[in-house]
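Report on one structure; see the data block that follows.
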Amino acid sequence: MLNQTITVRMFGNFTIESDGKSIDDSSNRSRKVWTLLAYLIYNRNRAVPQEELIDLLWGENDSDSDPRGALKAIFYRVRTSLDKLGKSAGHELIINRAGAYSWNNEYTVVCDIDEFERLIKEATESADPDLALSLYEQALDLYHGSFLAKMSMESWVIPLEVYFSKLYTDTVLTTLDILKERNLMDSACRVAQNALQYDPYNEDIYYHYMTAMLALGNRKGVMEAYEELKEQLYAMFSVQPSEKIRELYRDAGKTINSTSVSPDIIRDQLREQDMIKGALICEYDFFKVLYHSAARTIVRNGDVIHIAMFSLSGPDGSELAKRSLDRAMENLQEQIRINLRSGDSAARCSASQFVVMLQQSNYENSCMVCDRIVRAYFRQYPHSPAEIRYSVQPLEPML
C-alpha cells in the first residue's frame, strides 16, 4: 500500500520518494513524461484541463493528429513510472475527471521548494536572531541545484528557476552577513563555498568567501579563489573581477613578517624565479603600479617612455567570436612577449586589448616596434580572422 506521505525534490534532479522507494528524472529519456509529472505536482492544488496539458507538451507545434490520444499514452507512462513507488500508485496519485487531470491531495506532499520558501519566510519574520540564522541555514541545506534543472528550457520552468535562484542567492548573502557580524568565519567560508557550486560567477559571494578566508589568515586560499574567479569571468564574459575583489587579492598578496629578516632573505624573496625572456607580461593591476612608478621616475631623469595599445577585432571592425578572440589574444600576447625587450612590460586590459609600456623609446621607434609585432603575428598566423590596430602615446609624467 502506498505511504500517505510523498516526498518531492525539485531542486536539482526531480525526485519522488515514498516508503523508501524513489523515482527520478536522472535518465531524462522521457522528457514529456517527467515534464507532465512535475507540472501536475507543482499545480497539485487545482485540476488541470487537458487542453492546458496538450499546450504544455506540444505547444503550437502540434504535429500529432490525435493530441488527446497522445496525452493519454503519456499519462499511461506516467502512471507506470509512479507504480514503482507502490502497487497501483499511478492510478491512486493521478485523478482524471471531466476532461481534467489532478494530483490526489489525499496524499501529503512534502516538497523541498515549499519548505525552502517557508523557512525563509519564518527567518525573515523572526525576532530571534539565533532562530533566524538557524532557519536560513536549514533553507540553504535544501538547495541542491536550480529548479527542475533537467527541464530548464521549458517555458513554465524558466521564470520559476529565475525566482528560486534569486531567492537562494539573496538568502546566501543575508546568511553570510549574519555569520560575519558574529565573527563565525569558518561557517561563512562553508556557506559561501557551497553556494559557489550553484552560482559560480557571483562576485558578491566570492567577496564574502575571500574576506572570510582573509580573516582566518588563509591568504593562499584567497589568491586561489581570485584566480579561479578571474578565469571563469574571462571564459564566460570576457571581463575582469571588480575592483573590490582585486583589492582583496592585493591584500592577500602582501607579505607580513612578524620578525626582522636579513637583506639577503628579502633579496631572495624579490628575485624573479624562472625568468622568461622577453617582455614582462603581468596583471593589469600590477601594470598600473609600473605605470605610476615610471610616471614619477621620468620627472626626475627625463626618460622617454611611450604607451602602446593593441586592439583586436574581426574584419571591418566586427566582433570576433569568443573562441576566436581568446585564441587570437593568447597568440598576440606571445608575440608581444618575444618581440619586446626584457625592460618592457605588457598587460591585457580588456577582453580584446593589450597595453604595452615601451621604455626609452621615442614615438617613431615605438611605432616601428608595434609594426614589427603586428607583422610577426600575421607571419606566424596568416589565416587568423583578427584585425589588429594599435595606437601610441607618450607616457605623461606625474608632477
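The values are calculated or read from the model by the stated rules, or taken from the named source; none is laboratory data. In this text the structure is predicted, and so the values were computed from the model without any measurement. When we count neighbours, we look across all protein chains shown, and the Cβ atoms used for this are built from the backbone with ideal geometry, even at glycine. Heads up: the accessible areas ignore ligands, DNA and RNA and are worked out on the full protein's heavy atoms, side chains in. Shrake-Rupley method; radii C 1.70, N 1.55, O 1.52, S 1.80 Å.
Yes or no, residue by residue, for (1) touching a residue at least 40 places away in the same chain (Cβ under 8 Å); (2) touching a helix residue (DSSP H, G or I) at 6+ places or on another chain (Cβ under 9 Å); (3) open to solvent by 30 Å² or more (accessible area, probe 1.4 Å):
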position	(1), (2), (3)
Leu280	yes, yes, yes
His292	yes, no, yes
Arg296	yes, no, yes
Asn301	no, no, yes
Ala328	yes, yes, no
Gln335	yes, yes, no
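In the set Arg79, Arg44, Arg68, which member is more than 37 Å from the chain's Cα centre (by Cα) and at pLDDT 90 or above? Reasoning before the result, please.
Numbers: Arg44 fails: more than 37 Å from the chain's Cα centre (by Cα); Arg68 fails: at pLDDT 90 or above.
On inspection, the qualifying residue turns out to be Arg79.
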Only one of (1) open to solvent by less than 60 Å² (accessible area, probe 1.4 Å); (2) in contact with a helix residue (DSSP H, G or I) (Cβ under 9 Å, 6 or more places away or on another chain) fails for Asn96. Which number is that? (1)
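So which of Arg118, Arg190 ends up being surrounded by fewer than 17 Cβ atoms within 10 Å (Cβ to Cβ) and over 22 Å from Asn43 (Cα atoms)?
On the way: Arg118 fails: over 22 Å from Asn43 (Cα atoms).
Sole residue among the options that is surrounded by fewer than 17 Cβ atoms within 10 Å (Cβ to Cβ) and over 22 Å from Asn43 (Cα atoms): Arg190.
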Identity of the residue in region 370-399, surrounded by 13 or more Cβ atoms within 10 Å (Cβ to Cβ) and within 17 Å of Ala279 (Cα to Cα), that ends up nearest to the chain's Cα centre (by Cα): Tyr377
Only one of (1) without any contact (Cβ under 8 Å) to a residue 12 or more places away in the chain; (2) of a type outside the set (Lys, Arg); (3) farther than 18 Å from Ala252 by Cα; (4) surrounded by 15 or more Cβ atoms within 10 Å (Cβ to Cβ) is not met by Leu179, so which one is it? (1)
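Look through Asp274, Asp264, Asp268 and report the one residue that is open to solvent by less than 80 Å² (accessible area, probe 1.4 Å) and at pLDDT below 85. Full working, then the answer.
Values: Asp274 fails: open to solvent by less than 80 Å² (accessible area, probe 1.4 Å); Asp264 fails: open to solvent by less than 80 Å² (accessible area, probe 1.4 Å).
The conditions single out Asp268.
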(1) surrounded by 15 or more Cβ atoms within 10 Å (Cβ to Cβ); (2) within 27 Å of Tyr163 (Cβ to Cβ); (3) not hydroxyl-bearing (Ser, Thr, Tyr) all hold for Leu82 apart from (2)
Output for region 8-22, where each listed residue is open to solvent by less than 50 Å² (accessible area, probe 1.4 Å) and not aliphatic (A, V, I, L, M): Phe11, Gly12, Phe14, Thr15, Ser18
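With the requirement that a residue be open to solvent by 70 Å² or more (accessible area, probe 1.4 Å) and without any contact (Cβ under 8 Å) to a residue 24 or more places away in the chain, what does region 221-252 give you? Please lay out each step first, then the result.
Going residue by residue through region 221-252, those that are open to solvent by 70 Å² or more (accessible area, probe 1.4 Å) are 224, 228, 231, 236-237, 243-244, 247.
Answer for region 221-252, where residues must be open to solvent by 70 Å² or more (accessible area, probe 1.4 Å) and without any contact (Cβ under 8 Å) to a residue 24 or more places away in the chain: Glu224, Glu228, Glu231, Glu243, Glu247.
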